[in-house]
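Trainee: The structure's right below; bear with me while I get my questions together.
The values are calculated or read from the model by the stated rules, or taken from the named source; none is laboratory data. This structure is a prediction, so every number in the text was calculated from the model and none was measured. All Cβ positions, glycine included, derive from the backbone under ideal geometry; neighbour counts span all protein chains shown.
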Amino acid sequence: MALDVSMPILIVDDYATMIRIIRNLLKQIGFNNVDDAADGTQALERIGKKKYSLIISDWNMEPMTGYELLKQVRSSDDTARTPFIMVTAESKTENVIAAKKAGVNNYIVKPFNAQTLKGKIDAVFGE
Amino acid sequence: MGVRKIKHNEAQEETSIDALISLSDKLKENKAKNMSLTDVIGVAELLTSSLQPLLRQIDSTIHKELRGILLRIEGLRHEIAKVRADDISEHKIPEMGKELSAIVEATEGATDTIMTCAEAVLEIKTDNIKEYKMAVSDQMMHIFEACSFQDLTGQRVTKIVQTVEIIEERINLLCEMLDMGDEAPPAEELNANQKRNKELILNGPANDGEGVNQSAIDKLF
């Protein structure tokens, strides 16, 4: 089954440039229904108003980090199964393990390329 | 202290002790009864005079110690002045802050320009190959221009490195004069930011050779 390129995606990152990069990469892959948020708190507001098919989040943000966002997302019945990809510069083993334990679907280390992003999205959706 | 003075002090000590013994015997005989005020004052005077040599000795030792400490403090004050802490806090660190802000600004500006050009290239229509080529070349020139930020940021980084070296030199000087070289540093107390980083596992970007790479992460998933 081909990926639904119209699915709503939420990018969460405190750097506008990084949001722009991911947005452009997603656009190249074919995804156009993309929203963004500057941190976990703002992301939760967006998630409360709209159902997203995929969340792509950075880890290191203030006031709410991507790790805290992931735990919040997983603790709510509405979003417990929403695919969540962490895209971050945090590449210590303890980070990857903590994210996996918290229920992340995939983990991308910055810097990354379009192929990696597409590969992880495909993997998350079982393509 | 001269030999004559020492002999004089010793003789004085002996006299005091003899007088004390004699008084003690007298008191024993009287069994402390019928002691007059004159006797009590006499005892006090004798006790005080018998303690004089000891007090003189202590006084001289303390004086020597205090003099030594004073000289050490004066020396340290002089050496600490060489560290020029005011210069570090008032000039060096603010200058580094300015340089770092300028680097962030320059990289942000350059990234924005490069991304805008790349986005523009992606939007160029390919109907007319000659126009397409000209438009792409135009955008590429803007990208080349934007890349000049690297030269400026490189120079700013060099300035920061030099300042850090000066600060390091001065701190080393301070450690040397305080003989802190071999001393184990006290346990570091975490500030609010460090506590947050620890709780939320915020390690920041890893350096080369640290952390795990993408293929190792992929194996975990």
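Trainee: Can you work out which of the residues in the stretch A:42-72 that are more than 22 Å from A:Ser6 (Cβ to Cβ) and hydrophobic (A, V, I, L, M, F, W, C) is farthest from the other protein chains (Cβ to nearest Cβ)? So that I can check it myself, show each step before the final result.
Mentor: Within the stretch A:42-72, the first condition is being more than 22 Å from A:Ser6 (Cβ to Cβ), and the residues that meet it are A:42, A:44-45, A:58-72.
Keeping just the survivors that are hydrophobic (A, V, I, L, M, F, W, C) gives A:44, A:59, A:61, A:64, A:69-70.
Details: A:Leu44: 16, A:Trp59: 7, A:Met61: 10, A:Met64: 9, A:Leu69: 11, A:Leu70: 11 Å.
So, considering only residues that are more than 22 Å from A:Ser6 (Cβ to Cβ) and hydrophobic (A, V, I, L, M, F, W, C), the one farthest from the other protein chains (Cβ to nearest Cβ) is A:Leu44.
Trainee: What do you reckon, is B:Asn193 assigned to a loop (DSSP other than H, G, I, E, B) and within 11 Å of chain A (Cβ to nearest Cβ)? If you could, list the steps in order and put the result at the bottom.
Mentor: Numbers: assigned to a loop (DSSP other than H, G, I, E, B): no; within 11 Å of chain A (Cβ to nearest Cβ): yes.
So B:Asn193 does not fit the description; no.
Trainee: Then there's this: Could you please let me know if B:Glu168 is within 14 Å of another protein chain (Cβ to nearest Cβ) and either exposed (fewer than 14 other Cβ atoms within 10 Å of the Cβ) or of a type in the set (Lys, Arg) (or both)?
Mentor: For B:Glu168, the condition - within 14 Å of another protein chain (Cβ to nearest Cβ) and either exposed (fewer than 14 other Cβ atoms within 10 Å of the Cβ) or of a type in the set (Lys, Arg) (or both) - is not met.
Trainee: Only one residue in B:Leu66, B:Leu46, B:Leu76 is surrounded by 11 or more Cβ atoms within 10 Å (Cβ to Cβ), of a type in the set (A, V, I, L, M, F, W, C) and modelled with pLDDT of 80 or more, so which one is that? Spell out how you get there, then give the answer.
Mentor: On the way: B:Leu66 fails: surrounded by 11 or more Cβ atoms within 10 Å (Cβ to Cβ); B:Leu46 fails: modelled with pLDDT of 80 or more.
Within the list B:Leu66, B:Leu46, B:Leu76, the selection yields B:Leu76.
Trainee: Still on this model: Of everything in the stretch A:81-97 that's in contact (Cβ under 8 Å) with a residue 12 or more places away in the chain and more than 8 Å from every other protein chain (Cβ to nearest Cβ), which residue is surrounded by the fewest Cβ atoms within 10 Å (Cβ to Cβ)?
Mentor: Start the filter on the stretch A:81-97 by keeping residues that are in contact (Cβ under 8 Å) with a residue 12 or more places away in the chain, which leaves A:82-91, A:95.
Filter once more, keeping what is more than 8 Å from every other protein chain (Cβ to nearest Cβ): A:82-88.
Details: A:Thr82: 17, A:Pro83: 19, A:Phe84: 26, A:Ile85: 21, A:Met86: 28, A:Val87: 24, A:Thr88: 24.
Filtering first and then ranking leaves A:Thr82.
Trainee: Which one is farthest from B:Arg156 (Cα to Cα), of the residues in the stretch B:95-117 that are loosely packed, with under 14 Cβ neighbours inside 10 Å and within 14 Å of chain A (Cβ to nearest Cβ)?
Mentor: B:Gly109
Residues are listed down the side, and each one gets a yes or a no for (1) farther than 19 Å from A:Thr17 by Cβ; (2) over 43 Å from the mean Cα position of the chain (by Cα); (3) part of a helix (DSSP H, G or I):
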{"position": "B:Thr116", "(1), (2), (3)": "no, yes, yes"}
{"position": "B:Leu122", "(1), (2), (3)": "no, yes, yes"}
{"position": "B:Lys130", "(1), (2), (3)": "yes, yes, yes"}
{"position": "B:Gln139", "(1), (2), (3)": "no, yes, yes"}
{"position": "B:Ile143", "(1), (2), (3)": "no, yes, yes"}
{"position": "B:Thr153", "(1), (2), (3)": "no, no, yes"}
{"position": "B:Ile160", "(1), (2), (3)": "yes, no, yes"}
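Trainee: Which residue is nearest to the other protein chains (Cβ to nearest Cβ), if the candidates are limited to the stretch A:98-126 and must be under 16 Å from A:Phe84 (Cβ atoms) and surrounded by fewer than 16 Cβ atoms within 10 Å (Cβ to Cβ)?
Mentor: Restricting to residues being under 16 Å from A:Phe84 (Cβ atoms) and surrounded by fewer than 16 Cβ atoms within 10 Å (Cβ to Cβ), the top hit is A:Ala123.
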